[in-house]
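This report concerns only the one structure given below.
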Amino acid sequence: MNRARELLASFQVRFGTGASIFRASGRVNLIGEHTDYNEGLVLPAAIGFSCWVGIAPRPDRKLVLYSENFKEMHEASLDGLGVRGSGHWTDYPLGVAWALQDAGYRLQGADLYIAGDVPLGAGLSSSAAIEVSTGYALLSVAGHPIDRTELAKLCQRAENEFVGARVGIMDQFISCHGRAGHALEIDCRSLEYRALKLPSKVTLVICNTMVKHKIQAGEYNVRRAECEEAVRKLSAALPGIRSLRDVNMEQLVQNRHLLPDALYRRCRHIISENGRVADVAELFHRGKTEGLRELMAASHASMRDDYEISCRELDVMVEIAGRQRGVYGARMTGGGFGGCTINLVDAAHAAGFRQRVAAEYESAIGLRPDIYICEASQGAELMERAAENLPKVRT
Ligand code: GLA
């Protein structure tokens, strides 16, 4: 039985009706880290791990949520969502309902069955997957047309304001717009993007270090604040700059005296990383892999030394990967301080790569890593539409 059918059956057992089924993906970022909230460039791909949402409308104004992962039921009223979450998993779906309604989309009460297979806490954006799948489902059931970029922005707002994490737009955007077999080069200022076909021999292999250092959540916001402070300091010499996107390397070097060393290095990472995203995008555009390895290695070194978001486990994983056959490039991916590395590996070598990296990492660190061989997949989509809850026609 396919996953959508399974979800329908589970929904029927839980809520006693048919349902429409939606899914949205987690993501892996190939290059362009922490550049999104600096209005820069990123190059992520949606991956096969998803969050699934079964939904059926209710006659009242309640949202009744059931999480298969947490085996928990939760009820909330669409008219009393508040403006802040409570630190519970329901903050994600309820935050999205809040953001949609706050933006003027009137929602309809609904039963929701939520099930995810994005590994939690691995940095593969299970949060964007639940936000986007829920948002898509709620809009559809209420009969609103879907504007994917608008949905991504509202899911980001839910996470920024309701959940309280000051993330950029990358994860929600790729979860909405992902395309099978492609990575997206996204300009996080204009939100223009282009889909770039991954070179046919390249497989995405994600290595989970199995660690998540506690400083992670706090340090993310610290990095963001550091970038904002650097912009304030640099604007003394460069009036009119709005973000680090407006500063090039020459200007940064010329104005180094305005910045403490740590801020200077943060800026150097962001500015050089934008350049590397453009270079990798160009390679993919031409179907090439030459130079990929150096660009990904430079990205990792920049995150380790300038942005200071790596950790020993990530460095060891990248170093081991770099020694394997058939590797086009390896670097840490996502927010940092643990989580995963992304490895571009020749398809013919992927299975051997997985075995050897797992063994070497385990003997170096003492933890058995999860290693996922992934394909770039489609973004959010409707998988099954129940006849009895077709979206209403808007009046
Ligand atoms: C997290 C955030 C993204 C992005 C990355 C780092 O995944 O959710 O917005 O900032 O970290 O590139």
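The values are calculated or read from the model by the stated rules, or taken from the named source; none is laboratory data. A quick note: this is a predicted structure, and the numbers were derived from the prediction, not measured. Cβ atoms come from the backbone with ideal geometry, glycine included; neighbour counts cover every protein chain shown.
Annotations for the structure displayed:
- Verdict on THR90 being farther than 18 Å from SER140 by Cβ, among the polar types (S, T, N, Q) and in contact with a strand residue (DSSP E or B) (Cβ under 7 Å, 6 or more places away or on another chain): yes
- Some residue of segment 267-276 being within 15 Å of THR35 (Cα to Cα), of a type in the set (D, E, K, R) and free of Cβ contacts under 8 Å to residues at least 60 places away in the same chain: yes
- Every residue from segment 21-63 that is charged (D, E, K, R), part of a strand (DSSP E or B) and either away from the ligand (no atom under 16 Å from the Cβ) or without any contact (Cβ under 8 Å) to a residue 24 or more places away in the chain (or both): ARG23, LYS62
- SER10, sole failed condition from (1) more than 30 Å from MET296 (Cα to Cα); (2) surrounded by 24 or more Cβ atoms within 10 Å (Cβ to Cβ); (3) touching an Asp or Glu at 6+ places or on another chain (Cβ under 9 Å): (2)
- The residues of segment 280-294 that are within 16 Å of ALA183 (Cα to Cα) and surrounded by 15 or more Cβ atoms within 10 Å (Cβ to Cβ), listed by number, are VAL280, ALA281, LEU283, PHE284, THR289, LEU292.
- The listed residue being within 15 Å of the ligand (Cβ to nearest atom), of a type outside the set (Gly, Ala, Ser), without any contact (Cβ under 8 Å) to a residue 24 or more places away in the chain and out of contact with any strand residue (DSSP E or B) (no Cβ under 8 Å at 6 or more places or on another chain), out of VAL253, VAL222, VAL231: VAL222
- Condition met for SER127 (closer than 26 Å to ARG5 by Cα, within 12 Å of the ligand (Cβ to nearest atom), buried (at least 19 other Cβ atoms within 10 Å of the Cβ) and among the small types (Gly, Ala, Ser)): yes
- Some residue of segment 125-135 being more than 23 Å from PRO44 (Cβ to Cβ), small (Gly, Ala, Ser) and assigned to a loop (DSSP other than H, G, I, E, B): no
- Across segment 151-203, the number of residues qualifying as more than 15 Å from the ligand (Cβ to nearest atom), crowded, with 17+ Cβ neighbours inside 10 Å and of a type in the set (D, E, K, R) comes to 1.
- Matching residues in segment 69-87 - criterion: being surrounded by fewer than 16 Cβ atoms within 10 Å (Cβ to Cβ) and modelled with pLDDT of 95 or more: ASN69, PHE70, LYS71, GLU72, MET73, GLU75, SER77, ASP79
- When ASN208 is tested against (1) free of Cβ contacts under 8 Å to residues at least 24 places away in the same chain; (2) under 19 Å from the mean Cα position of the chain (by Cα); (3) crowded, with 17+ Cβ neighbours inside 10 Å, only condition (1) is not met.
- Flag if TYR66 is within 14 Å of the ligand (Cβ to nearest atom) and either of a type in the set (Phe, Trp, Tyr) or without any contact (Cβ under 8 Å) to a residue 24 or more places away in the chain (or both): no
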